Amino acid sequence: MSATQPPIQHGIAEELRKRGFRFTPQRHFILEALSAAHGHCTAEQIFEVVRVYAPGINLATVYRNLDFLLRQDLVTSATIKDNQVIYELRTAVPHHHLVCQRCDATLELPHAVIAPAFRRIRDDLGFDVSTNHIVFFGMCAHCREGTHAGTMII
Ligand SMILES: [Zn+2]
Ligand SMILES: [Zn+2]
């Protein structure tokens with residue numbers, strides 16, 4: 001891990017200070033872990049990384065800071081199978097997920113696919129959707145066609 005902060009973190013630090021919040025070491029390490037993950041991780045996975053740099057930290061602190069970052073809209077979360085919550089840095093372009101309920105495969109869905117629905121909701125109902133990270137549950141192509149290698153689907 002380099003001594004210089006990656007640009008995304010620098011932006012977040014600035015943003016928090018602008019809003020009157022402190023960029024605490026805990027927040028720094030949590031964001032660092034999220035940024036290094038390049039995708040989703042659970043609070044437990046973040047905790048495993050962060051505790052290396054901040055030995056005094058506990059899981060409750062990680063949860064509390066994740067909640068804070070969620071409220072600040074700097075991090076997004078989604079609930080996937082079995083009520084498992086995953087976190088990631090808020091990206092400039094939103095994306096969504098398709099989760100197969102049979103094999104647990106997770107596919108990323110570009111926002112462009114459902115953006116027309118969001119526009120329609122705004123045009124027809126005057127409602128501006130702010131949800132930016134949706135999980136759709138269903139069945140993947142492999143499971144639908146029973147083509148998983150080595151898996152017998154009954
Ligand atoms: Zn995501
Ligand atoms: Zn599947």
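State which residue is modelled with the highest pLDDT when the search covers only the stretch 123-154 and only residues that are polar (S, T, N, Q) and within 11 Å of ligand 2 (Cβ to nearest atom). Among those that are polar (S, T, N, Q) and within 11 Å of ligand 2 (Cβ to nearest atom), it is T147.
Condition check ((1) in contact with a His (Cβ under 9 Å, 6 or more places away or on another chain); (2) farther than 25 Å from V135 by Cα) across all residues:
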site	(1), (2)
I46	no, no
T61	no, yes
R64	no, no
K81	no, no
Q84	no, no
H95	yes, no
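Restricting attention to the stretch 110-136, which residues are in contact (Cβ under 8 Å) with a residue 24 or more places away in the chain and surrounded by 15 or more Cβ atoms within 10 Å (Cβ to Cβ)? Hits for the stretch 110-136 are N132, H133, I134, V135. Pairs are defined by a Cβ separation below 8 Å, a sequence spacing of at least 6 or placement on different chains, a first member in the stretch 1-23 that is on the phi < 0 side of the Ramachandran plot, and a second member that is part of a loop (DSSP other than H, G, I, E, B) and at pLDDT below 60; the pairs so defined are A13/Q5. Taking only the stretch 106-144 into account, find how many residues are among the small types (G, A, S), under 21 Å from the mean Cα position of the chain (by Cα) and not in a helix (DSSP H, G or I). Looking only at that region, the number is 2.
Per-residue answers, yes or no, for (1) assigned to a loop (DSSP other than H, G, I, E, B); (2) surrounded by 18 or more Cβ atoms within 10 Å (Cβ to Cβ):
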residue: V52; (1), (2): no, no
residue: G56; (1), (2): yes, no
residue: V62; (1), (2): no, yes
residue: D67; (1), (2): no, no
residue: T76; (1), (2): no, yes
residue: E88; (1), (2): no, yes
residue: V99; (1), (2): no, yes
residue: D104; (1), (2): yes, no
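Pairs are defined by a Cβ separation below 6 Å, a sequence spacing of at least 6 or placement on different chains, a first member in the stretch 72-92 that is free of Cβ contacts under 8 Å to residues at least 60 places away in the same chain, and a second member that is part of a strand (DSSP E or B) and of a type in the set (G, A, S); the pairs so defined are V85/S77; I86/A78; Y87/S77. Scanning the stretch 82-94 turns up one or more residues that are among the basic types (K, R), at pLDDT below 95 and under 20 Å from L34 (Cα atoms).
The values are calculated or read from the model by the stated rules, or taken from the named source; none is laboratory data. All values reported here derive from a predicted model rather than from experimental measurement. Neighbour counts run over all protein chains shown; Cβ positions are idealised from the backbone, glycine included.
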